[in-house]
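J.: Structure in structure tokens, see below.
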Amino acid sequence: MDDQPNLRQFIDEMSSFDEEPAARPVRAAAPELPPIGQVVEIAGSSSQIRMKTETLLEMQQNPDPAVAMSGQVGSQVKMVVGTNWLIANVRTLAAAGDGEVVAEIDFLGEGSRSSNGTMSNFRRGVTRYPIPGSTVLPVSTDDLRSVFAADDSPHVEIGTVYPTDDIRGALYVDPMLSKHFAILGSTGTGKSTSVSLILHRISQLSPEGHIVMIDPHGEYSAAFKSCGELFNVDNLQLPYWLLNFEEHCEVMLTTDGAERQRDADILAKCLLAARTKGKAAESLGKVTVDSPIPYLLTDLNQILVAEMGKLDRAGDTTPYQRLKNKLDELRADPRYTFMFSGMLVSDTMGSFIGKLFRLPAHGKPISIVDVSGVPSEVTSVVVSVLARMVFDYAIWSRTEAQRPILLVCEEAHRYVPKDENSGGQAVRKILERIAKEGRKYGVSLGLITQRPSDLAEGVLSQCGTIISMRLNNDRDQACVRAAMPEGARGFLDAIPALRNRECIVCGEGVAIPIRVRFDDLEPEKRPASSDPSFAASWRETGDEEGIITRTVKRWRGHGR
């Protein structure tokens, strides 16, 4: 009899253990959120839902920022389709009467729905669509964490996903670089700092990388002085004989129309003779006017004079005299010493490629080429030579161990303008070719511009990843809208409303379009592009005479 209470107690304890596993999933499940509407119309990527205004207003009080934003323009909503969650982005909202609103949505992708309602294994694209009448639910921060969670592919984290505080926004490096990228944004939106942040993160991920950046304003040298190699007119030493025939024409020809064609024919004949005269040409079977073979400027000058002496009439010597005068001018002008310098010419092509392309990198994977000191008449030619060297090296090294190169071009609208008749055709052709064919040879192109509407459409459309910061101009917004995939249209409407250092990212480099606030960058890694404080500077005075004297000296000495 004394054993019965103990037996009953033992049975009660055993039965309580049996009940606990059944109760655990209920406690672990996330709190159920009330539906906010239903599907009204399905039309491929873009569809319509109808939501209750009262419910949306109640949701705004939710402590979860993602739930509080659900149903608003630029936010996400979800719906059940079979065993999956379908995620959609809200593009527009319109009043429908009876306390309801109608929203146009763009489907982003789908994730597996577990037994307790959580989402996992999110992937881009839609396999099954909901039917009209399906329930629409708000998206929680946990859902967004599943959507934006980066997988094991190489990636760099650049900031936090809006509207959350802790979900990291990541760029997948291989898809972003292999299919090119563009960073767009009006002046003053933090574009230069954001570019520095992205390149620093890529450099940290790949310390033996190969990045060449064309810097037209000399602002990025300050950002990469510790992890990059810096080049300017003082140490670039770009050999003039690396120019191909078209680039020679842009530098040396001063005429137009029929006269320009005649001058070009003469230059081609004399340039080929000068290239074949050198010792390097003897070991090569075939030499053309485009072959990067060293030649002496004195040889080219002598050949021009010799050809001029063969002519019967003095009037025919004018084109030869024009070329000779231009050649003498280039050799005498101190602004061109970085390219046309010295009487001795040695074959420095290998060492030039090695130091410019960071082969090997030695932990400094980026070359900053500051072209702000290059004379404006030849800036586009210098950029053309650098871009063509990247592309040609990639083509001729296909049988070697692959060393992909990233070419980043700041102020890209200068070099690939929409106007096909503007100057600098050589640089336009090579950048367009890299945009179209670079992926096959391991050359990536990064375009940075504040005026996408002035950029050639064909080049922007080749960029697989677009990172757009705030754009104030209607033409620029329309240009970006045309270049972005249709699923990102809802995000595009937020472009004029973005804050500084916020961006919309869409394309190959992200799983789905995201709005990101960039991380803060350490002061020593920021470019020299901060805005001056007029109010503070205009309260200061002193040493004006010294400032003017030193400035005039640098001005006259071209920076020296």
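J.: In square nanometres, what is one fourth of the surface area of the convex hull spanned by the alpha carbons of segment 57-153?
T.: On the way: hull surface 28.5 nm².
With every direction weighted equally, the projected area is 7.1 nm².
J.: Could you give the C-alpha radius of gyration of segment 305-437 expressed as a fraction of 2.2 N^0.38 Å, taking N as the number of residues it contains? Don't skip to the end; give the middle numbers.
T.: Working: Rg = 18.7 Å, N = 133, 2.2 N^0.38 = 14.1 Å.
With N residues counted in segment 305-437, Rg over 2.2 N^0.38 Å equals 1.33.
J.: If I model a spin label as a point 7 Å beyond the Cα along the Cα-Cβ vector, how far apart are those points for THR318 and GLN237 in nm?
T.: Reported label-point gap for THR318 and GLN237 is 4.2 nm.
J.: If we sort 441-447, 72-78, 147-153, 316-322 on the protection proxy, mean other Cβ atoms within 10 Å, highest first, what's the order?
T.: Working: 441-447: 23.9, 72-78: 19.9, 147-153: 13.9, 316-322: 15.7.
Highest to lowest by the protection proxy: 441-447, 72-78, 316-322, 147-153.
J.: Another question about this same structure. State, to one decimal in nm, how far the label point of LEU311 lies from the label point of ARG554, with both points 7 Å from Cα in the Cβ direction.
T.: 4.6
J.: Using the Cα centre of segment 37-148 as origin and beta-carbon charges of +1 (Lys, Arg) and -1 (Asp, Glu), tell me which of GLY111, GLY133, GLN38 is placed farthest towards the positive end of the dipole.
T.: With unit charges placed on the Cβ atoms, the residue in question is GLY111.
J.: So what's the angle, to the nearest 10 degrees on a 0 to 90 scale, between helix 3-28 and the longest Cα principal axis of the chain?
T.: Relative to the chain, helix 3-28 is tipped by roughly 40 degrees.
J.: Related question: Quick one: Cα convex hull volume of segment 380-474, Å³ per residue? Before the final figure, lay out each step's value.
T.: Working: hull volume 8.8 nm³, N = 95.
Spread over its residues, the Cα hull of segment 380-474 gives 93 Å³ apiece.
J.: If you don't mind, another one. Which semi-axis lengths, in whole Å and largest first, follow from the square roots of five times the eigenvalues of the Cα gyration tensor of segment 242-336? Don't jump to the answer; show the numbers that get you there.
T.: Numbers: eigenvalues 92, 50, 36 Å².
Each semi-axis is √(5λ); the values are 21, 16, 13 Å.
J.: Further, regarding this structure: Summing +1 for each Lys or Arg and -1 for each Asp or Glu, what net charge is found among the other residues whose Cβ lies under 15 Å from the Cβ of ILE548?
T.: The answer is +1.
J.: Can you flag which of LYS277/LYS310; LYS191/LYS225; LYS355/LYS429; LYS179/LYS429 are past 22 Å Cα-Cα? Please list the in-between numbers first.
T.: Numbers: LYS277/LYS310 19 Å; LYS191/LYS225 19 Å; LYS355/LYS429 25 Å; LYS179/LYS429 18 Å.
Check vs 22 Å cut-off fails for LYS355/LYS429.
J.: Against the globular-protein guess of 2.2 N^0.38 Å, express the Cα radius of gyration of the chain as a ratio, rounded to two decimals. Provide the component values of the computation, followed by the final result.
T.: Details: Rg = 31.2 Å, N = 560, 2.2 N^0.38 = 24.4 Å.
After normalising by residue count via 2.2 N^0.38 Å, the value is 1.28.
J.: Filter the trypsin sites (Lys or Arg not before Pro) in segment 389-474 down to the DSSP loop ones having no more than 12 other Cβ atoms within 10 Å, then list what survives. Walk me through the numbers before you get to the answer.
T.: Values: sites: ARG398, ARG414, LYS418, ARG428, LYS429, ARG433, LYS436, ARG439, LYS440, ARG470; in loops: ARG398, LYS418, ARG470.
Here the trypsin sites (Lys or Arg not before Pro) that fit, given the DSSP loop and packing criteria, are ARG398.
J.: How high is the FRET efficiency between LYS355 and SER112 when r is their beta carbon distance and R₀ equals 45 Å, given to the nearest 0.05?
T.: Values: r = 51 Å, r/R0 = 1.13.
The value I calculate is 0.35.
J.: List the aspartates and glutamates whose Cα lies under 18 Å from the Cα of LYS525, skipping any in the same chain that are fewer than 8 positions away.
T.: Output for LYS525: GLU157, ASP215, GLU219, GLU229, ASP370, GLU410.
The numbers here are math on the coordinates, done by the rules we state, and not lab data. On a predicted model such as this, the values are computed, not experimentally measured, just so you know. So basically every Cβ, Gly included, is an ideal-geometry build from the backbone, and we count neighbours across all protein chains shown.
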